[in-house]
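What follows is a short report on a single structure.
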Amino acid sequence: MKKIGFLSFGHWSNHPAYQARTAADTLLQSIDLAVAAEEIGLDGAYFRVHHFAAQLASPFPLLSAIGAKTSKIEIGTGVIDMRYENPLYMVEDAGAADLISGGRLQLGISRGSPEQVIDGWRYFGYEPGEGETDADMGRKKALQFLEQLKGVGFAQPNPYPMFPNPPGLLRLEPYSKGLRERIWWGASSNATAIWAAENGMFLQSSTLKEDESGKPFHIQQAEQIRLYKDAWKKAGHKREPRVSVSRSIFALMNDQDRAYFGRDTNGGDKIGNIEKNKRAIFGRSYAGEPDQLIKELAKDEAIQEADTLLLTIPNTLGVDYNIHVLSSILEHVAPGLGWR
C-alpha cells in the first residue's frame, strides 16, 4: 500500500488552450481539485512554491482554504524555499493552517533551487551571514523553524501587557501540537537527505537529483532513500520515517490522453545543470497503456522504497481533466502494483 497524492506546479498563462489563465483561476481551481481528489480517494494535495513567476507562491492562504473545505486529505508543499522565509512568522502561518485542517498539514521545505531572478531572497530582505552561502542560510532558517515549532516559550513577557500573560516565557501562537513531526525536507543530494534524517524531517525526493554516481535516476534515488533510512535509524527517532517521490505518470485511456502525452511513451533520464558546476539527473516521465505502465513502474526502485507517491499534474488543463488523470492511475494502475 502507498499513499498517492498530486503535486501541482500551479502555473497560469493567458493561453487559449489553458483552463488556468490567471492567478485567481489557479488558486480557485487548486481548491476545487483538492476537494475532488479527496472525493475519489486520493491521499494528498501538494503544491510547489515559486517566487517571481506565474505560479503559486504564497502557500498558507491556499492550504488554509483547502483545509477548511476538506476533511481527510493530507495537504502540503513541495517545497517552500526557506531562503525567502521569516521562520517565526512562518511558524504562525503554518500553525494556523494546520489547526484549520485538523492536523493534516505535511509541510515540505528546503534550502531552495534556482529561481526566476538572481538571488531573489535579497529582495525579501535576507542576506547570508559572513562566511555563509545562501544554502547555509536556508538550512539555518529551517532549523530555526523546527525549533520554534516545538512550542517552547522563549520571549520575555512585557510587565505591562495589553492582556494578561501566562507565567513564564512566551511562545509563538497559534501553536499546533504535532506539526513539528510532519515537516519534510526536499533533498537533491545524498548528504542533505542524511542531514534531514538527523534532524527528524521526512524526505521529499523529486524528479531530479544531483548526479552522484552516473547510475540511472531511479537507482540513485533509491540509494539516497536507503541512506536516509539508515541515518534515521542511527539518529534514534521513535517514530517511523516517511519518504515521498514525485513522478509524471499518465495512463493513456482515450484519444485526448494520447494527444497530450502519447509522445512521452519512450522517454528516458536526462542530464543537465540546475546550478553552475552542478550536474543533475532528471527522471523520466511515464506514459502508456495501464498494463504497460504497471510493468515499467514495477522496475522503478525508488518508488518501491517510498511510502508516498506524488503525481505531478498538468494543472493548466483544468480540474475535470486532472481528476480524470488521477482517477486513471488509482483505478487502472495502482491495483496492479499493490498500491491499492
**Study point:** Residues located in segment 1-41, provided they are open to solvent by less than 10 Å² (accessible area, probe 1.4 Å) and assigned to a loop (DSSP other than H, G, I, E, B)
**Key:** 10, 20
Revision key, fill the gap. Output for Cβ contacts, cut-off 7 Å, separation at least six or different chains, first residue without any contact (Cβ under 8 Å) to a residue 40 or more places away in the chain in segment 9-29, second open to solvent by 70 Å² or more (accessible area, probe 1.4 Å) and among the hydroxyl-bearing types (Ser, Thr, Tyr), reads none
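How many residues are farther than 20 Å from residue 222 by Cα and out of contact with any helix residue (DSSP H, G or I) (no Cβ under 6 Å at 6 or more places or on another chain) if we restrict to segment 279-302?
First, pick out the residues of segment 279-302 that are farther than 20 Å from residue 222 by Cα: 287-292.
This time we only want the ones that are out of contact with any helix residue (DSSP H, G or I) (no Cβ under 6 Å at 6 or more places or on another chain), so: 288-289, 291-292.
The qualifying residues number 4.
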Practice item. From (1) more than 16 Å from the chain's Cα centre (by Cα); (2) open to solvent by less than 10 Å² (accessible area, probe 1.4 Å), pick out the condition that doesn't hold for residue 98. Key: (1)
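I'd like the full set of residues that are modelled with pLDDT of 95 or more and out of contact with any strand residue (DSSP E or B) (no Cβ under 7 Å at 6 or more places or on another chain), limited to segment 166-186. Before the answer, list the steps.
Going residue by residue through segment 166-186, those that are modelled with pLDDT of 95 or more are 168-186.
If the condition is that a residue be modelled with pLDDT of 95 or more and out of contact with any strand residue (DSSP E or B) (no Cβ under 7 Å at 6 or more places or on another chain), then 168, 171, 172, 173, 174, 175, 176, 177, 178, 180, 181 are the ones that fit.
Here's a check for you: in segment 260-314, which residue that is of a type in the set (S, T, N, Q) and modelled with pLDDT of 85 or more is most open to solvent (accessible area, probe 1.4 Å)? Even if it seems obvious, please write down each step before you answer.
Start the filter on segment 260-314 by keeping residues that are of a type in the set (S, T, N, Q), which leaves 265-266, 273, 277, 285, 292, 304, 308, 312.
Still in the running and modelled with pLDDT of 85 or more: 285, 292, 304, 308, 312.
Details: 285: 44, 292: 64, 304: 114, 308: 5, 312: 18 Å².
The selected residue is 304.
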Study note, to complete from the structure: In segment 183-222, anything surrounded by fewer than 19 Cβ atoms within 10 Å (Cβ to Cβ), hydrophobic (A, V, I, L, M, F, W, C) and in a loop (DSSP other than H, G, I, E, B) is listed as none
Study note, to complete from the structure: Selection from segment 34-63 of residues under 17 Å from residue 320 (Cα atoms) and among the hydrophobic types (A, V, I, L, M, F, W, C) yields 34, 35, 36, 37, 40, 42, 45
**Study point:** Scope segment 225-256; condition touching a residue at least 60 places away in the same chain (Cβ under 8 Å), part of a helix (DSSP H, G or I) and open to solvent by less than 10 Å² (accessible area, probe 1.4 Å); matching residues
**Key:** 225
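Among the residues of segment 41-72, which ones are aromatic (Phe, Trp, Tyr) and over 21 Å from residue 307 (Cβ atoms)? So that I can check it myself, show each step before the final result.
Of the residues in segment 41-72, the ones aromatic (Phe, Trp, Tyr) are 46-47, 52, 60.
Passing the criteria: 52, 60.
Would you mention how many residues in segment 317-336 are over 17 Å from residue 46 (Cβ atoms) and in contact (Cβ under 8 Å) with a residue 60 or more places away in the chain?
Applying the first criterion (over 17 Å from residue 46 (Cβ atoms)) to segment 317-336 yields 317-318, 320-321, 324, 327-328, 331-336.
Going one step further and asking which of them are in contact (Cβ under 8 Å) with a residue 60 or more places away in the chain, we end up with 317-318, 321, 324, 327-328, 332-334.
Summing the residues that are over 17 Å from residue 46 (Cβ atoms) and in contact (Cβ under 8 Å) with a residue 60 or more places away in the chain in segment 317-336 gives 9.
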Exercise for review: Consider only pairs whose beta carbons are under 7 Å apart and that are at least six residues apart or on different chains; among these, list those whose first residue lies in segment 65-76 and is under 13 Å from residue 30 (Cβ atoms) and whose second residue is assigned to a helix (DSSP H, G or I) and hydroxyl-bearing (Ser, Thr, Tyr).
Suggested key: 67/101; 75/101
Point to revise | residue 180 vs. criteria among the basic types (Lys, Arg), assigned to a helix (DSSP H, G or I) and within 21 Å of residue 282 (Cα to Cα) | key: no
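The values are calculated or read from the model by the stated rules, or taken from the named source; none is laboratory data. Model, not experiment: these values are computed from the prediction. We place every Cβ from the backbone using ideal geometry, glycine too, and count neighbours over all the protein chains shown. To get the accessible areas, we keep the full protein, side chains included, count just its heavy atoms, and leave off ligands, DNA and RNA. Shrake-Rupley method; radii C 1.70, N 1.55, O 1.52, S 1.80 Å.
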